[in-house]
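Okay, so here's the structure we're looking at.
Taken together, the values in this text are just the output of simple stated rules run on the coordinates, not laboratory data. Note that the structure is a prediction, hence the values are computed from the model and not measured. Virtual Cβ from ideal backbone geometry, glycine too; neighbours counted across all protein chains shown.
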Protein chains: 2
Amino acid sequence: MGTPPPSDVYEPTDRTVPTRSAHRVSYDRELVHAILDEGRVCHLGFVRDGAPVVLPTLYARAGERLYVHGSTGSRPLRSAGRSDDGLPVCLTVTHVDGLVLARSAFHHSVNYRSVVVHGTARPVTDEQEKRAALDALVDHAVPGRAADCRPANAKELAATAVLRLDLAEVSAKVRTGGVADEPEDLALPHWAGVIPVRQRYGTPVAAADLAPGAALPAYLMAL
Amino acid sequence: MGTPPPSDVYEPTDRTVPTRSAHRVSYDRELVHAILDEGRVCHLGFVRDGAPVVLPTLYARAGERLYVHGSTGSRPLRSAGRSDDGLPVCLTVTHVDGLVLARSAFHHSVNYRSVVVHGTARPVTDEQEKRAALDALVDHAVPGRAADCRPANAKELAATAVLRLDLAEVSAKVRTGGVADEPEDLALPHWAGVIPVRQRYGTPVAAADLAPGAALPAYLMAL
């Protein structure tokens, strides 16, 4: 009969049930995947000497697994590699979609979509999984790119550490829509509304020393 | 003679000297300020029950102080308020400026600018400072806005907690420029170069129930 299909929501836990703005929280698996897949850089938090550290880093999703990578010399990757227990992390991805300007300072807000993943990151030691994770990391930045570059050689593979974080303790938080002013403020003369914010790609800038005939590939024209 | 002017660099510490990519790190005060001032949302890390938590949140800079705010009921703000020692945090701001597509998977990279601030966040209890911090938070999102909205009333002020984090243990990290491929890969047929990434504002969307005569202010036309 095989593995049952995953539930369409992540199970809430103590850590993923918020103390406020509960109406903005979602455990919907498709929404979580969509927010993760649209992001480029995550913020990875871990604890070092009892204090929090938050570093921006590339990541990729493959099904219900997230991967981050880095030099085998970097601090989080060394920490995770040293311990059989893995490294407790919190991985957060955020999109800012708009600035919400209310008539009152208090109701100023931001439209955003974010995902917070709690869990334990563990080094990927299986070479097949590591290669697949590195492909996923390249394809996460630009879909289609992994098949159009030289794969890592043995030396590069050895110099790269990959951590895996399973999607289990996960929540999304979303604010959309317009201004939520107090009724008594509606007559105030201040402009109110939303300033959309978008991330855009510019025109690709080719390296000066491209090989003859190395044209801009179709997957980049579509960006 | 007054206070001496601040040094033009932040003093490196154990936590702000990286284990790798040292050439990308800077302690330059002006660069740090510029990266912080351009950001909209930071990622604030703290430790709860021994595990890391990373949440996106608005912030503002006023000189050598950063402010974040939230409901008095939110977890980090309650944690900071409970303890006289404050809350150890790591506050990170990141701009993605470009995707760097190399001929080899290994040399794929991202052009970015980030600032990482380590320190202890403490609740702002002085009402004057709290009001100034809230103005700074609104003006950080849209310069000029704080003077063009209704300030917080006593009830709103009481419901808002503000944390202060001094800029002392700070570093910036920047990658700019083009592709850094291995010499032996330059003849490969793959396109290589940089895809610029930019955050853009869209056309402001006015609330449907604006007061008569509430025109789009000049500080929004300039965005």
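Observations on the structure shown:
- Calculated FRET efficiency, A:ALA154 to A:GLU38, Cβ-Cβ distance, R0 = 45 Å: about 0.85 to the nearest 0.05.
- Whole-Hz couplings from phi, Karplus 6.51/-1.76/1.60, listed for region B:184-200; x for Gly and Pro: 6, 8, 5, 8, 5, x, 6, 4, 9, x, 10, 9, x, 10, 9, 8, 10
- Taken along its principal axes, the alpha carbon cloud of the protein assembly as shown reaches lengths of 70, 65, 46 Å, longest axis first.
- Under 10 Å, Cβ to Cβ, from A:TYR219 - net charge with Lys/Arg +1 and Asp/Glu -1: -1
- Helices meeting the span-like rule in chain A (full DSSP H runs, Cα extent of at least 20 Å along the helix axis, mean Kyte-Doolittle score of -1.0 or higher): A:127-141.
- Placing a label point 7 Å from Cα along the Cα-to-Cβ direction at B:VAL205 gives distances to the equivalent points in the other copies of 3.3 nm, listed shortest first.
- Packing-based exposure ordering (other Cβ within 10 Å, fewest first) of B:CYS149, B:CYS90: B:CYS149, B:CYS90
- Inter-label distance, B:GLU127 to A:VAL25: 3.4 nm, where each label sits 7 Å from its Cα along the C-beta direction.
- Amide H partners (placed H, <5 Å) of A:GLY202, local residues excluded: B:VAL197, B:ARG198
- Rg then Dmax, both in Å and based on the Cα atoms of region B:149-190: 25.0, 68.
- Hz values of 3J(HN,Hα) by residue in region A:9-16 - Karplus curve (6.51, -1.76, 1.60), Gly and Pro given as x: 9, 7, 5, x, 10, 3, 7, 9
- Lysines with Cα under 29 Å of B:LYS130, excluding same-chain neighbours fewer than 8 positions away: A:LYS173, B:LYS155
- Each copy carries B:PRO6; placing its label point 7 Å along the C-beta direction from Cα gives inter-copy distances of 4.3 nm, listed from smallest up.
- Close amide H partners of A:ALA207, meaning residues 5 or more places away or on another chain with modelled amide H under 5 Å apart, are B:ALA192, B:GLY193, B:VAL194.
- In nanometres and ascending order, the distances from the A:ALA180 label point to those of the other copies are 4.5 (point 7 Å from Cα along Cα→Cβ).
- Relative contact order (percent, whole number), region B:66-223, Cα cutoff 8 Å, 6+ residue spacing: 33 percent
- Under 5 Å, built H, 5+ apart or other chain: amide partners of B:TYR59: B:CYS42
- Per residue, the convex hull around the alpha carbon atoms of chain B comes to 203 Å³.
- Note on region B:1-64 and region A:102-175: Cα centroid distance 24 Å, given to the nearest whole angstrom.
- Measuring spread by the Cα atoms of region B:92-223 yields a radius of gyration and Dmax of 22.3, 68 Å.
- B:ARG78 versus A:ARG200: modelled label distance in nm, points set 7 Å from Cα along the beta carbon direction: 4.3 nm
- Local charge for B:ALA207 was computed over the other residues whose Cβ lies under 9 Å away, with Lys and Arg +1 and Asp and Glu -1, and equals -1.
- Neighbourhood charge, 12 Å Cβ-Cβ cut-off, centred on A:HIS23 and excluding it, Lys, Arg +1 and Asp, Glu -1: +4
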